[in-house]
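Single-structure report; data block below.
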Amino acid sequence: MRYAALAGRTERNVNGFEPHAMPFRLLSNQDAPSPHLRYRVRLRASLTNMTGRGKEIFHPFLSINHLSIMKNNSITLPAAVGIDVAKATLSVCIRSHKGAERALTLRNTEADISAQLIPELAGMSGRIVMESTGHYHWTAALLLSSAGFDVRVVNPLLAKQYTSGNIRKVKTDPADAAGLARMAAVSDNLPASFCVPKERLYLRKKLATLASMYHQLQALTASLKSMQEAQTILDGCDSPAIVAVREAVRVLKRSLETLERECSADACRDAQSKETVSLIASIPGVSVFCAALALQWFAPMPDTNHKSWIAFAGLDISSRESGTWRGRCKLTKRGNSFLRKRLYSAAWGAVMNDAQFQSYYSELRGQGRAHVEALIIIARKLVRTMFVMVKTNTTYDASKFHYRMATA
């Protein structure tokens, strides 16, 4: 049987090509359960062994993502997409299976993404890659993932090798989008598909705000302390403005403590999360907020090991070696700085309040380790302990974990 496609017109363009150039006649199917736009294809079957009379066949389950529609028999569906995100605009690069690329620019709004980008990518089964850009990528990532697309949000450091790996010094939004599209097409080191709910994103934003405000509070406190020392030396006295600033800093500190408790409560809204936070908080030195913070950032990483958790907190070691030369190793600090700071504080709390941790700290110091180095080693041990407890859903066993530390 030989099939000849009927050239027909439709009210909707597909992949930006005019209806009269379409080799198929596409009929919109509004009742399709898929979130993608689907179409039925009408084909005319001409039997070579019959008297020229054709027969029309309707295939209700044949969708646009099962077809390879080509202009002059060479038009394909998008194979990979890169999106460079800015505050106001999105620069999109759509890449075909053969490497052909075309650009699209639209506003970074829900209306434009729903009206322009999602129909443009209808039927696509490849990956969509965009960089993590604070909260500016959330609108596109949430809408595209809810529409059923495979969205990958990558670290800018990981994307740099694709966006800047060019001899010519070109730094534009379309060029960055093209690099992200190449990354989506060939990279085998992409993170898991974006599936973070809005509640978790909002909690992460609150935690990021809390971390930023604590940093500012530390700077303000240091400035006021410096002012007080200067007053002692110069026999000065507080002015009404300085007194008001001191009071504002105290109010800010109390407000941040309240926000910290609120974040802890938000992280324990469901019974399972509340139970996990309680398990982690049973580790010596680990507060409820530190446990909630660790659960918030570590738990969404499935199919990982304890080394991934340590690296995510920036507590992994950077090796520097070349031939017979051995450089000094140090922390990469390529991770969540607020989480790393809280883990360091938890390690110090464990040493101060638990006899076994204090014994291990003394052992490390006896080996010639510096104070900060010893606490970092204990913080790494705490992360390993958290990993085992979360993965196995077991309670804290002091004899088991401390035996591992003593033999590490």
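Readers should treat all values here as calculations from the given coordinates under stated rules, not as data from a laboratory. Source: prediction; values computed, not measured. Here the Cβ positions follow ideal geometry from the backbone for every residue, glycine too, while neighbour counts run over all protein chains shown.
A few comments on the model shown:
- Here the stretch 198-266 is assigned +1 on the Cβ of each Lys and Arg and -1 on the Cβ of each Asp and Glu. Its dipole about the Cα centre then comes out at about 440 debye.
- Sorted from longest to shortest, the spans of the Cα atoms of the stretch 224-326 along the three principal axes equal 60, 54, 22 Å.
- For the stretch 198-266, the Cα gyration tensor yields ellipsoid semi-axes of 33, 11, 8 Å (square root of five times each eigenvalue, largest first, whole Å).
- Judged by the gyration tensor of its Cα atoms, with axes a ≥ b ≥ c, the stretch 268-408 is oblate; a/c meets the 1.5 cut and b/c is at least as large as a/b.
- Ranking of H215, H306 by neighbouring Cβ atoms within 10 Å, starting from the fewest: H215, H306.
- Cβ-to-Cβ counts within 10 Å put C329, C268, C290 in ascending order as C329, C268, C290, the fewest first.
- Cut-off 12 Å between beta-carbons: net charge of the residues surrounding A346, Lys and Arg +1, Asp and Glu -1: +4
- DSSP finds beta bridges in the stretch 80-186, and of those with both partners inside it, around 60 percent are antiparallel.
- Per-peptide packing, taken as the mean over residues of other Cβ atoms within 10 Å, places 123-131, 229-237, 392-400 in the sequence 123-131, 392-400, 229-237 from highest down.
- Neighbour-count ranking [beta-carbon atoms within 10 angstrom, fewest first] of R380, R168, R340, R369: R168, R369, R340, R380
- Cubic angstrom per residue, convex hull over Cα atoms of the stretch 155-245: 209 Å³
- The coefficient of translational diffusion for the stretch 80-186, derived via Stokes-Einstein from the alpha carbon Kirkwood radius under 37 °C and 0.692 mPa s, stands at 243 µm²/s.
- Placing unit charges on the Cβ atoms only, positive for Lys and Arg and negative for Asp and Glu, gives the stretch 268-408 a dipole magnitude near 500 debye about its Cα centre.
- Unsatisfied cross-links (Cα-Cα over 24 Å) in the set K307/K391; K171/K307; K333/K400; K225/K330: K171/K307; K333/K400; K225/K330
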